[in-house]
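Step one of this worksheet: look at the structure below.
The values are calculated or read from the model by the stated rules, or taken from the named source; none is laboratory data. All figures in this text were calculated on a predicted structure; none of them were measured in a lab. Cβ placement follows ideal geometry from the backbone for every residue including glycine, while neighbour counts extend to all protein chains displayed.
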Amino acid sequence: MTLESKIPAGPLQDKWDRHRFELKLVNPANKKKFNIIVVGTGLAGASAAATLAELGYNVKNFCIQDSPRRAHSIAAQGGINAAKNYANDGDSIWRLFYDTVKGGDFRAREANVYRLAQLSVNIIDQCVAQGVPFAREYGGLLDNRSFGGAQVSRTFYAKGQTGQQLLLGAYSSLMRQVNAGKVEILPRREMLDVVLVDGKARGIVVRNLVTGELESHSAHAVVLATGGYGNAYFLSTNAMSSNVTAAYRCYKKGAHFANPCFTQIHPTCIPVHGTYQSKLTLMSESLRNDGRVWVPKEPGDNRPPGQIPESERDYYLERKYPSFGNLVPRDVASRNAKEQCDMGKGVGETGLAVYLDFADAIARDGRDVIAGKYGNLFEMYEKITGEDPYQTPMKIYPAVHYTMGGLWVDYNLMTTIDGLFALGEANFSDHGANRLGASALMQGLADGYFIIPYTIGGYLAGTKLPEVDASAPEFAESRSQIQSQVDKLLSVSGKRTVADFHRTLGNILWDYCGIAKEEESLKKAKQMIAELRAEFWENVTVPGDAADFNQALENAGRVADFMEFGELMVTDALERKESCGCHFNTAYQTEDHEALRDDDNYCHVSVWQYTGADSDPVLHTEPLEFENVELTQRSYK
Amino acid sequence: MSTQTIDLTLKVWRQHKNNPRGSLETYPAKGISTDMSFLEMLDVVNEQLTAEGIEPIAFDHDCREGICGMCGAVVNGRAHGHMPETTLCQLHMRHFKNGDTIVIEPWRARAFPVIKDLVVDRNALDKIIQAGGYISINAGGPQDGNAIPVPRDNAEKAFNAAACIGCGACVAACPNASAMLFAGAKISHLALLPQGRPEAKKRALSMVRAMDTLGFGNCSNEAECEAECPKGISIREIARMNREFIKAALS
């Protein structure tokens with residue numbers, strides 16, 4: 001098969017305008033004849049559901065939590081990028097486009113990224129009009145700050161709670177449409193299958209998490225906005241319910257999966273402190289503006305930090321990267337922290353942490369200035385660790401944070417299943433091999449407010465869609481398959497809990513398919529995951545009933561999918577014999593230990609097709625063509 | 001950080017279809033690291049219950065970093081426990097002592113029916129927002145973001161009100177199970193911004209009406225909500241809501 005990206009012809013700047021003109025339109029009076037399912041209520045899902053309802057479509061919007069306001073977009077701290085150039089510091093749509101393509105290490109589509117940069121300015125206007133309380137200057141205008149990977153101030157923010165405020169903005173628009181009768185919210189539902197009729201996505205099957213009932217819902221198109229799969233690693237900065245199940249079940253039905261091994265590991269997180277730990281907490285990367293990263297020079301030096309004299313400390317980022325210092329990009333900072341810990345220089349009880357020290361900044365600027373910049377982060381750190389970062393250096397370590405990979409989509413955000421669209425972190429489209437800070441919020445909202453409302457119209461207007469309702473046999477077949485998996489999970493009655501299996505899977509992925517990868521260890525991981533998966537189906541224990549509120553059962557289904565998906569991640573990592581962005585294979589590095597791309601052989605999207613439970617997936621590639629930027633080697637010396 | 005372990009006794013509210021009236025059950029929680037969060041402690045107890053063939057305790061949780069508003073329980077009589085401005089997921093076990101007995105109950109309010117154990121249905125909070133907690137604009141072509149200057153002071157006040165995470169602790173803490181702090185926060189957030197003024201009257205009237213019809217009680221100035229709010233939302237937001245409501249009702 002060939003992957004048709006459907007990127008419009010013409011100059012980069014004109015592609016989206018031209019495409020919008022060429023897309024067929026649905027007559028305003030006819031929009032109410034179409035039913036659309038949106039799964040997920042994060043920035044992408046809520047903005048899509050609200051906007052489609054505003055246009056006149058009938059929308060059913062599903063979420064896994066008890067309220068659409070809780071989706072994990074809410075936890076994003078830092079900000080949202082937009083090429084407004086309010087700071088008059090040389091920003092432009094072109095610069096945001098270039099920074100994003102380069103930040104992604106040249107593994108994203110030019111046309112998609114350019115469109116994202118164009119739409120970024122509309123997003124800010126939209127959010128302000130909704131009443132999002134962005135930070136402002138004394139004159140009443142919007143304030144900006146700078147973020148990693150950019151030399152301009154283009155990040156809009158609302159203290160350290162930008163994601164929360166943007167999500168509540170989208171949620172308020174959504175609630176308005178609920179009140180107008182155009183959106184039906186179905187909370188506490190988990191999507192377990194997409195249903196195809198005549199090869200087109202015509203509905204979904206969900207499990208009602210309160211009653212356990214499997215429900216069928218039909219529609220003319222299905223929009224997936226179900227987030228990323230970082231929780232495959234067990235420990236990540238994701239919310240506990242973030243999972244791959246919805247996307248993975250679509251993959252099994254024929255939606256191809258792109259770049260599954262592209263996982264972003266964020267350098268500044270609070271380190272793991274015990275085997276019982278359930279999640280990791282991010283500390284905004286803005287801390288690296290003033291914090292200095294160091295470890296003891298001697299391996300095994302376990303004196304308290306205050307007793308290690310200056311001459312016996314190694315400020316390794318400043319030493320190795322004199323021009324960028326502590327502000328190297330996320331992937332470089334993460335790899336270096338791991339390298340120091342692997343040499344035995346890690347600190348803390350586990351030896352898996354490095355110091356982030358504010359003593360010099362406090363001595364230079366005073367405690368009040370530092371508190372003004374980072375006060376809420378310092379408080380959060382103290383709440384979790386019981387240590388006061390004003391007195392003693394923070395301990396930080398990298399953690400899984402964001403997944404650039406996702407369902408493959410064309411320029412219309414449609415997957416390889418007709419009528420199934422994927423938005424936000426659930427798709428692969430805009431961040432290449434590494435996402436820049438403050439770009440996830442931008443992409444989720446661009447997809448939901450400004451792209452899908454156009455492209456879904458083009459699909460609906462140009463496609464013959466005979467009426468289908470939930471009584472179609474395809475739904476019954478899907479329900480019966482799901483039911484048999486649920487029954488199987490409950491009937492194993494083994495000795496190990498779901499969480500125990502999940503933790504083991506996470507350790508394998510973290511150790512062998514994490515910050516730095518090697519061919520031999522990837523092969524080993526693949527074998528280990530296959531064995532773990534076999535044991536799962538013989539030895540898992542899932543208490544309770546199917547027809548009940550049963551959180552262990554919910555988790556069991558998700559972990560079962562994570563295990564299959566984990567194998568796909570490893571397969572993808574093995575296949576990509578280069579390093580790029582966050583994908584770092586130690587066999588492919590420059591003399592300076594930077595990621596060494598192989599543009600001759602791997603300047604493509606790796607797109608995987610499911611072929612069955614016991615056969616290997618088939619790889620397709622979508623070549624990436626760069627007509628407007630030159631491919632360069634990143635260096636931060 | 002000095003990691004210690006403590007032994008605790010939990011008295012946990014258990015309620016589901018086989019036990020519809022609900023009851024407190026006692027479970028030991030042994031060897032709990034003081035670095036654990038409260039929810040991680042519950043995870044450990046649940047693993048142990050599962051191993052013993054007892055159904056684990058159902059509780060809502062998601063982000064575990066204090067922002068999604070999904071978690072919450074009444075711990076020893078206090079919503080989200082005894083630490084100020086802390087959600088249950090950010091409450092750490094170092095604030096408990098070896099040998100403590102901890103009583104854990106769900107939010108209790110007529111408008112929040114119990115689904116199972118510590119899990120309640122907070123759909124009524126969404127319904128209050130549906131009644132008017134928004135600015136009526138469609139996605140499309142609004143004016144430039146900087147076309148509407150907002151005094152910094154007002155922007156900050158609006159932000160402080162908008163910081164509400166919708167967890168429902170205010171309702172659980174209130175002797176009248178009132179949602180005034182929740183509704184007041186949203187009404188204030190939007191009333192403080194120029195974008196929100198055109199609909200301010202309609203919003204105040206319809207959101208207050210929704211609160212009444214959904215079974216929430218009224219405010220009798222106990223200020224328990226402010227004391228328990230994990231985000232430090234002030235009861236000034238209730239006063240502001242009352243002003244908006246009176247202005248609207250009199251005009």
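All of B:Arg152, B:Arg108, B:Arg94, B:Arg122 fail the test of being facing another protein chain (nearest Cβ under 7 Å), surrounded by fewer than 22 Cβ atoms within 10 Å (Cβ to Cβ) and at pLDDT 95 or above, apart from B:Arg94. Screening segment A:539-558 for residues that are polar (S, T, N, Q) and under 24 Å from the mean Cα position of the chain (by Cα) and picking the one that is nearest to the other protein chains (Cβ to nearest Cβ) gives A:Gln551. Going through (1) under 19 Å from A:Ile452 (Cα atoms); (2) without any contact (Cβ under 8 Å) to a residue 24 or more places away in the chain one by one, A:Tyr138 falls short only on (1). No other residue among A:Ile123, A:Ile74 is crowded, with 22+ Cβ neighbours inside 10 Å, over 25 Å from B:Gly141 (Cβ atoms) and either outside the structural domain of A:Leu436 (by TED's automatic domain parsing) or touching a Leu at 6+ places or on another chain (Cβ under 6 Å) (or both) apart from A:Ile74.
Yes or no: segment B:64-73 includes at least one residue that is farther than 23 Å from B:Glu224 by Cα and assigned by TED's automatic domain parsing to the domain that holds B:Ser33. Yes, that holds for at least one residue. A:Gln609 meets each of the listed conditions (1) over 21 Å from A:Val409 (Cα atoms); (2) surrounded by fewer than 21 Cβ atoms within 10 Å (Cβ to Cβ) apart from (1).
Applying a threshold of 7 Å to beta carbon distances and a minimum spacing of six or more residues, or different chains, the list of pairs starting in segment A:171-185 at a residue that is within 15 Å of A:Val132 (Cα to Cα) and facing chain B (nearest Cβ under 7 Å) and ending at one that is small (Gly, Ala, Ser) and assigned to a helix (DSSP H, G or I) reads A:Ser173/A:Ala50. If the condition is being of a type in the set (Val, Ile, Thr) and either part of a loop (DSSP other than H, G, I, E, B) or under 13 Å from B:Gly166 (Cα atoms) (or both), then segment B:63-98 contributes B:Ile67, B:Thr86, B:Thr87. Looking across A:Arg145, A:Arg154, A:Arg115, one residue alone is surrounded by 23 or more Cβ atoms within 10 Å (Cβ to Cβ), touching a strand residue (DSSP E or B) at 6+ places or on another chain (Cβ under 6 Å) and in contact (Cβ under 8 Å) with a residue 12 or more places away in the chain. It is A:Arg154.
With respect to A:Thr497, determine if the residue is surrounded by fewer than 17 Cβ atoms within 10 Å (Cβ to Cβ) and of a type outside the set (A, V, I, L, M). Spelling it out, it is not the case that A:Thr497 is surrounded by fewer than 17 Cβ atoms within 10 Å (Cβ to Cβ) and of a type outside the set (A, V, I, L, M). Pairs needed: first member in segment A:79-104, in contact (Cβ under 8 Å) with a residue 40 or more places away in the chain; second member anywhere, β-branched (Val, Ile, Thr) and in a loop (DSSP other than H, G, I, E, B); C-beta distance under 7 Å; at least 6 residues apart or different chains. Listed pairs, sorted by first residue: A:Ala87/A:Val152; A:Asp89/A:Val152; A:Gly90/A:Val152; A:Asp91/A:Val152; A:Arg95/A:Val152; A:Tyr98/A:Val629; A:Val101/A:Val629.
Can you tell which of A:Ala361, A:Ala371 is surrounded by fewer than 16 Cβ atoms within 10 Å (Cβ to Cβ) and assigned to a helix (DSSP H, G or I)? Spell out how you get there, then give the answer.
Numbers: A:Ala361 fails: surrounded by fewer than 16 Cβ atoms within 10 Å (Cβ to Cβ).
A:Ala371 is the lone residue from the list that is surrounded by fewer than 16 Cβ atoms within 10 Å (Cβ to Cβ) and assigned to a helix (DSSP H, G or I).
Taking segment A:597-630 as the range and being of a type in the set (A, V, I, L, M) and at pLDDT below 95 as the test, only A:Ala613 passes. When segment A:22-64 is filtered for residues that are in a loop (DSSP other than H, G, I, E, B), over 14 Å from A:Leu168 (Cβ atoms) and either at the interface with chain B (Cβ under 10 Å from one of its Cβ atoms) or touching a residue at least 12 places away in the same chain (Cβ under 8 Å) (or both), the ones remaining, listed by number, are A:Leu23, A:Lys24, A:Leu25, A:Val26, A:Phe34, A:Gly40, A:Gly56, A:Tyr57, A:Cys63, A:Ile64.
Scanning segment B:16-26 for residues that are in contact (Cβ under 8 Å) with a residue 24 or more places away in the chain and more than 11 Å from chain A (Cβ to nearest Cβ) yields B:Gly22, B:Leu24.
Output the residues belonging to segment A:114-142 that are in a helix (DSSP H, G or I), at the interface with another protein chain (Cβ under 7 Å from one of its Cβ atoms) and out of contact with any Ser or Thr (no Cβ under 9 Å at 6 or more places or on another chain). Before the answer, list the steps.
As a first pass, look at segment A:114-142 and keep what is in a helix (DSSP H, G or I): A:114-130.
Then keep just the ones that are at the interface with another protein chain (Cβ under 7 Å from one of its Cβ atoms); that gives A:124-126, A:128-130.
Of everything in segment A:114-142, those that are in a helix (DSSP H, G or I), at the interface with another protein chain (Cβ under 7 Å from one of its Cβ atoms) and out of contact with any Ser or Thr (no Cβ under 9 Å at 6 or more places or on another chain) turn out to be A:Ile124, A:Asp125, A:Val128, A:Ala129.
Consider A:Met394 carefully, then state whether it is over 28 Å from A:Ser278 (Cβ atoms) and touching a residue at least 12 places away in the same chain (Cβ under 8 Å). Break it down stepwise before answering.
Numbers: over 28 Å from A:Ser278 (Cβ atoms): no; touching a residue at least 12 places away in the same chain (Cβ under 8 Å): yes.
In short, no.
Do you know which residues across segment B:52-71 are in contact (Cβ under 8 Å) with a residue 40 or more places away in the chain and either facing chain A (nearest Cβ under 7 Å) or more than 16 Å from A:Gln551 (Cβ to Cβ) (or both)? B:Ala58, B:Asp60, B:Gly66, B:Ile67, B:Cys68, B:Gly69, B:Met70, listed by residue number.
One residue is enough: does segment A:502-509 have a residue meeting the conditions outside the structural domain of A:Asn238 (by TED's automatic domain parsing), charged (D, E, K, R) and within 23 Å of A:Tyr402 (Cα to Cα)? Yes - at least one qualifying residue is present in segment A:502-509. Of all the numbered requirements in (1) under 21 Å from B:Pro230 (Cα atoms); (2) within 7 Å of another protein chain (Cβ to nearest Cβ), B:Leu88 misses one, and that requirement is (2).
Counting only residues that are in contact (Cβ under 8 Å) with a residue 24 or more places away in the chain, more than 14 Å from every other protein chain (Cβ to nearest Cβ) and within 19 Å of A:Ala359 (Cβ to Cβ), segment A:269-309 holds 14 of them.
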